[in-house]
1. What whole-number distance in Å separates the alpha-carbon centres of segment 1-73 and segment 103-124?
2. In whole Å, what three semi-axes, largest first, describe the equivalent ellipsoid of segment 1-77 built from its Cα gyration tensor (square root of 5 times each eigenvalue)?
3. Show which aspartates and glutamates lie in cross-link reach of residue 50 when reach means a straight Cα distance below 16 angstrom and same-chain residues fewer than eight apart are skipped.
4. Ranking request for peptides 61-67, 31-37, 101-107: highest mean number of other beta-carbon atoms within 10 Å first, then the rest in descending order.
5. Give me the base-10 log of I(q)/I(0) for segment 1-45 at each q in 0.14, 0.20, 0.22 Å⁻¹, Debye formula, one uniform scatterer per Cα, rounded to two decimals.
6. Mind listing the phi-derived Karplus ³J(HN,Hα) values for segment 9-16, rounded to whole Hz, using 6.51, -1.76 and 1.60 with θ = phi - 60°, and x for any glycine or proline?
7. State the three equivalent ellipsoid semi-axes of the chain, derived from the C-alpha gyration tensor as the square roots of 5 times its eigenvalues, in descending order and whole Å.
8. Show me, for segment 38-53, the HN-Hα J-couplings you get by feeding each phi into the Karplus relation (A = 6.51, B = -1.76, C = 1.60, θ = phi - 60°), rounded to Hz, glycine and proline as x.
Amino acid sequence: MATTANDMRVGWVISHNGKRFAVTSITKVKPGKGGAFVQADLRDIDSGNKGGDRWRAEDKVEKLMVEDVECQFMYTDGTDSYFMNLSDYEQFTLPNDSLGEQVKFLQPEMKVMANFVEGHPVSINLPKTVTAIVAETEPALKGQTAAGGGKPAILDNGVRVQVPVFVEQGEKIVVNTESMEYVERAK
């Protein structure tokens with residue numbers, strides 16, 4: 001199924017240059033001069049080799065038909081992540097390096113969609129948002145307001161995000177797993 005490169009998402013499986021690739025990260029760039037483009041990190045499904053490529057936002061990308069299966073993340077041992085298929089309770093592993101930045105957002109018992117190609121798991125799709133705890137951030141300065149922009153923060157999973165100045169260390173926040181941006185305070 002052909003779609004525009006601008007619609008491409010992490011976790012997709014695409015056909016590119018005659019090979020099958022899992023998309024591990026995406027950066028969308030809109031320069032001041034010239035057209036917008038999409039930079040993607042890719043992992044060859046068959047060989048495991050990593051690489052990347054760049055497309056103009058309007059270029060067509062061939063998304064492969066994959067079987068989406070609801071699974072549950074169980075644990076990681078540092079090199080592999082272990083999942084359980086919720087329909088038949090079969091367990092499978094995916095190498096952490098094939099999951100890219102997604103592995104940092106995995107939490108025990110989290111439900112994810114696993115993408116299977118020809119009966120083999122190749123990638124996962126995380127929920128759009130997850131809750132994380134702010135492990136480190138600078139304290140707000142007196143007189144600083146919410147309109148003042150943001151400040152850097154490190155989450156309990158090691159991910160760096162920009163948060164509003166009113167967010168303090170130890171607070172739970174909601175983070176978008178695709179853009180790795182702050183969404184809101186967790187309720």
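Quick note: the coordinates plus some simple rules give every number you see, no bench work behind them. This structure is a prediction, so every number in the text was calculated from the model and none was measured. Positions of Cβ are generated from backbone atoms using ideal geometry, with glycine treated the same way; all protein chains shown enter the neighbour counts.
1. Using only Cα atoms to place each centre, the spacing works out to 17 Å.
2. 24, 14, 13
3. 41, 97, 101
4. 101-107, 61-67, 31-37
5. -0.35, -0.65, -0.76
6. 10, 4, x, 5, 10, 10, 9, 8
7. Output for the chain: semi-axes of 31, 23, 12 Å.
8. Once rounded to whole Hz, the list reads 10, 10, 10, 8, 10, 10, 5, 5, 7, 9, x, 5, 9, x, x, 7.
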